[in-house]
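Everything on this sheet refers to the single structure shown next.
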Amino acid sequence: MRLLTWNVQWCCGLDRVVDVGRIVREAQAFADFDVLCLQEVAVNYPALPGGAAHDQPALLREALPGFECFFGPAVDERDAQGARQQFGNLIASRLPVAQVAHHLLPYPAEAGKRSMPRCCTVATVQTALGPLRVMTTHLEYYSPRQRTAQVRGLRALHA
């Protein structure tokens, strides 16, 4: 089984162009993957650099025929106009998937630190050797305290 994981930063390239198709093509150039784990996938976030006003999980499903895609938003909120916005992780698998779960990770308050909720998306993939649990997440960047709590949460999930 070949697995590729990538923090795609809402599919925004170094040229500040948001292009889901380009991200998929680049991932395919890295490897002929069976499972693709992506972090920082967006739905309806036009204010992000490059603009991510579209439904990226839907575009990823279109760009990955033969794959099942499972999106786990860590952030699910309304914008100023009342439209839903989501931000999180996605697992795409061309192998059969028996089960999927989304787990919010600990998010202890910490004054003066930029942060956002984080989640772990988990898929049990059927492989030639039997079921395999695949987990993808993106830990907090700015807060060591939150990151430590999130690692403890992930260890508890593994247990």
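The values are calculated or read from the model by the stated rules, or taken from the named source; none is laboratory data. Nothing here was measured: the structure is a model prediction, and the numbers come from that model. Here the Cβ positions follow ideal geometry from the backbone for every residue, glycine too, while neighbour counts run over all protein chains shown. All accessible areas refer to the heavy atoms of the entire protein, side chains included, with ligands and DNA or RNA removed. Shrake-Rupley method; radii C 1.70, N 1.55, O 1.52, S 1.80 Å.
Odds and ends about this structure:
- Leading residue at positive end of dipole, segment 60-153 (Cβ point charges), from VAL134, GLN86, GLY66: VAL134
- Averaging 1/r over each pair of different alpha-carbon atoms in the chain and inverting the result gives 16.3 Å, the Kirkwood hydrodynamic radius.
- The helix-based estimate of mean residue ellipticity at 222 nm for the chain, built from -39,500 (n - 2.57) per DSSP H run of four or more residues and divided by its residue count, is -6500 deg cm²/dmol to the nearest 500.
- As a size descriptor, the averaged projected area of the C-alpha convex hull of segment 112-159 was calculated at 3.8 nm².
- Cβ-Cβ FRET estimate between GLU62 and ALA156, R0 fixed at 25 Å, reported to 0.05: 0.10
- Separation of alpha-carbon centers, segment 11-53 and segment 83-155, rounded to whole Å: 18 Å
- Accessible surface area normalised per residue over the chain is 54 Å², counting heavy atoms of protein chains with a 1.4 Å rolling probe.
- Amide N of segment 115-132 lying under 20 Å from the label point, which is placed 7 angstrom from the Cα of MET1 along Cα→Cβ: 120-132
- Placing a label point 7 Å from the Cα of PHE30 along the Cα-to-Cβ direction, the residues of segment 64-103 whose backbone N falls under 19 Å from that point are 64-65, 67-72, 88-95.
- Using the Cβ-Cβ distance between ARG84 and ALA128 with R0 set to 41 Å, the FRET efficiency from 1/(1 + (r/R0)^6) comes to roughly 0.55.
- Packing here is the average count of other Cβ atoms within 10 Å per residue, and on that basis the peptides 38-49, 94-105, highest first, run 38-49, 94-105.
- Overall, the accessible surface of segment 21-159 at a probe of 1.4 angstrom is composed of carbon and sulfur to the extent of 55 percent.
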